[in-house]
Amino acid sequence: MSTLLLGIDIGTYSSKGVLATPDGELLRTHVVPHGLDLPHPGWAEQDPDGVWWHDVIAICRALLDGEPYTGADVAALAVSAIGPCLVPLDAGGRPLRPGILYGIDTRATEEIQLLEDRYGAERIFRDAGMNLSSQAVGPKILWMQRHEPDLWARTARVTTASSYVTFRLTGEHVMDRHTASYFIPLFDARTQEWTDAFGFLDLGMLPRLGWSDELAGTVTPEAAMQTGLRAGTPVAVGAVDALSEAISVGAVESGDLMLMYGTTAFFILVGQELTPHPSLWNVSGAYDGQRNIAAGMATTGALTQWLRTTLLPEVSEEEAFARLFEEAAAVPAGSDGLLLLPYFSGERTPIQDPQARGVLAGLNLTHTRGHLFRAALEGIGLGIRHNLEAFRELGAPIQRIVAVGGGTRSREWLQIVSDITGVPQLLPTVTIGASYGDAFLAGLVGGAVRRDDIQRWNPPRETIAPNPGVRPIYDARFGEYRALYDQTRDIVHHLAGAAGR
C-alpha cells in the first residue's frame, strides 16, 4: 500500500527532494544543483523545462529507483519553487521564453512607474494590500508586452515556477493564493481572488486559485512515464519555496515568524487580518483563512557565496566557508569599524529599491579577509533588523521567530543576527527546508496527517539567545547602517545606471 510522502523544492541554485513517512521520518533525500542565468544587469532567469522540470524528473528517479522505493510507494506529493516568477506559455502549454524570476530580477523598474501612473499608486496599494516592487509580477508582464511583443502575441497563459511544474505533473493550471498575491494588479487582497478591476489582463490567462494543502490534480500517464511516479498519485497545489519553508518548521500559527536563511532572506509572519504596510508585503497564507505579512532581502546567501568564490576561489566550498566563518569569529563585534550594505542585487524590503547596490565603508589597511566576511554577515543582520523593525511599526505581534535554511548551519551567523536584532531564534530539529514542508503538504492532501502534526514532525531543538553585552555596539551600527544608505543613495543610483548602460 502507498504510504510515503514526496516533497520537492526548486530553489535558485539547486533543487531538493525528500521522501518521508507519515510520522515525518526522513527516508531519503536528493539534491540536484543547477545554474542561474543573468543575461543582463538586473535580469535573472531560468529554463522551465531545462532546469525546473528536469530537476523534478531527476529527483523522482533518484529517490524512487527501486532500492528500495518506487513510485508505487508514494501516496501523495507536493512541489514548491522559487517565486513569484513570470512564465508565459503558448496555447499548447509550452514555455515561450526562460522564466523571469522573483524580486532579484529588477528589469521592470520603468514598468512599475508606468502602472502607478496608469492606475494610481494609492489605488493599487488599497486593492493589493502592498505597493508595486521588483517582487510584483504585473510590471514584468507589462515589460514583456512592451519589449517582446511577438512572444506576448503568442502567450495564451501566464504562470509561475511551482505552478508550471504542477501543470507538467497533472495537466492542471493552478496556483496557490500566497504566490498569486504578488501578481499585482491582478489579485485583490480583500477577496483573495483574481480581479479584472484594472482591465490589465484577460483573467482566462491565469491559473485557477487554491490553498497550498488542496488537491491540484493527479499524476498523468505521461508524467508517470517520465518521473517513475504512479499515474493517479495525488498532487497538492503546493507553494512558493519560502511558504513551504515556514510550514516545514511549524511556523503556521498566528504570531509565528519564519526567518529563512537562503540565497535570499525571506520573512513570513502568520496572521489572520489584512494589515497593509507600504514597506512590506501583505499576502495570503498557506491554509484557508490565513493571511501573512511577508518581507524579503535580495542577497544574503548569494552574497556569502560571492565572497566565498571571490576570496577563496582555489579551495572547495566546504573548506572555504569553514575558513571564512572561523576568521570572522575572530573579529570583534562591529568589524573594527567596517560597515557593509548588502544590496548587491538591489533591495526588496523594507527600502524597496531595485537600484540600491552594495556599499563597503570604513576600510583601512588593517582589515583582513575575516573583517570583510564578518562585515557581510553583520550587514545582512542589520538588514534583518531593519525588516523586523518594519514589522514592529505595523504593530504585528511576533510571538516567536523560527530560523530555517542553509544559513542555519552556521552558529556564528545565527548568533550575529540574534545579537544585532536583540531577539532569540528557535532552531528546529530538521532544517532541510521547503522540501520537508512539501512532504507535509503531501501528507495533508493525501489525508495522512493533520495540520498540527507538524509540531510533532519538527519540534525546536535549540534557542539562539542574544548577547546583551554587544547590544550597544550594534545599536550604534544600526543607526550608521540606515544613515549610510540615505547618504549614498543618489550616488549609488547613478552608478547602477552607468553599469546598466
Checklist line | the range 166-314 shape via C-alpha gyration tensor axes, a/c threshold 1.5 | finding: oblate
Check: Using a simple spin-label model with points 7 Å from Cα along the Cα→Cβ vector, what separation in nm is obtained for E326 and R369?
Finding: 1.1
Item checked: Point-to-point label distance, S14-S2, nm (Cα→Cβ direction, 7 Å offset) -> 2.9
Notebook entry, point to check: Which whole-Hz couplings ³J(HN,Hα) result when phi for each residue of the range 130-143 is put into the Karplus expression 6.51 cos²θ - 1.76 cosθ + 1.60, θ = phi - 60°, listed in order with x for Gly and Pro?
Noted result: 6, 7, 5, 7, 5, 7, 7, 8, x, x, 6, 5, 5, 4
Notebook entry, point to check: Once the Cα atoms of the range 418-501 are picked out, what are the Rg and Dmax in Å?
Noted result: 21.4, 56
Note to self: Give me a comma-separated list of calculated 3J(HN,Hα) values for the range 17-24, in order, Karplus coefficients 6.51, -1.76, 1.60 applied at θ = phi - 60°, integers in Hz, x for any Gly or Pro.
What the structure shows: x, 9, 10, 10, 8, x, 8, x
Next item on the list: State the extension gain, in nm to one decimal, for the chain segment bounded by E389 and E25, taking 0.36 nm per residue of separation less the distance between their alpha-carbons.
Entry: 127.4 nm
Notebook entry, point to check: If one puts a single equal scatterer on every Cα of the range 245-293 and applies the Debye formula without solvent, what log₁₀ I(q)/I(0) results at q = 0.28 Å⁻¹?
Noted result: -1.11
Next item on the list: Subtracting the Cα-Cα distance from 0.36 nm times the residue separation, let me have the gained length for L203 to D288 in nm, one decimal.
Entry: 28.4 nm
Notebook entry, point to check: What are the extents of the Cα atoms of the chain along their three principal axes, listed from largest to smallest and rounded to whole Å?
Noted result: 64, 53, 45
Next item on the list: Run the quick spin-label model on E319 and D475: label points 7 Å from Cα toward the beta carbon, then report their separation in nm to one decimal.
Entry: 4.4
Checklist line | For the range 73-128 versus the range 337-411, the gap between their alpha-carbon centres in whole angstrom | finding: 26
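Out of all DSSP beta bridges in the chain, what portion is antiparallel? Express it as a percent rounded to 5.
Working: 50 of 71 bridges.
Of those bridges, close to 70 percent are antiparallel.
For the range 4-242, divide the Cα radius of gyration by the Kirkwood radius and give the resulting Rg/Rh value with two decimals.
Details: Rg = 18.0 Å, Rh = 18.2 Å.
Looking at the range 4-242, the ratio lands at 0.99.
Using a Förster distance of 35 angstrom, determine the FRET efficiency expected from the C-beta separation of T310 and Q226, and round it to 0.05.
On the way: r = 39 Å, r/R0 = 1.11.
Efficiency computed from Cβ-Cβ geometry: 0.35.
Let me check against my output: what whole-number percent is the relative contact order of the chain, with C-alpha pairs under 8 Å and at least 6 apart? Don't skip to the end; give the middle numbers.
Values: 1158 pairs, mean separation 81.6, N = 501.
Reported as a whole number, the value is 16 percent.
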Next item on the list: Would you grab the residues whose amide H sits under 5 Å from the one on V359? Only those 5+ places off in sequence or on another chain, please, with H modelled 1.01 Å from N.
Entry: L341, Y343
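Normalised by the number of residues in the range 4-242, what is the relative contact order in percent for Cα pairs under 8 Å and 6+ residues apart?
Values: 527 pairs, mean separation 51.5, N = 239.
Across the range 4-242, relative contact order equals 22 percent.
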Check: So how do 270-279, 462-471 stack up, highest first, on mean other-Cβ count within 10 Å?
Finding: 270-279, 462-471
Margin query: 5 Å is the cut-off here: which amide hydrogens, built 1.01 Å from N in the peptide plane, fall below it relative to F187, excluding neighbours closer than 5 in sequence?
Written below: T195
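No value in this document is a laboratory result; all are computed from the given coordinates. Keep in mind that this is a model prediction, so the values were computed, not measured. Every residue, glycine as well, gets a Cβ built from its backbone with ideal geometry; the counts of neighbours run over all protein chains shown.
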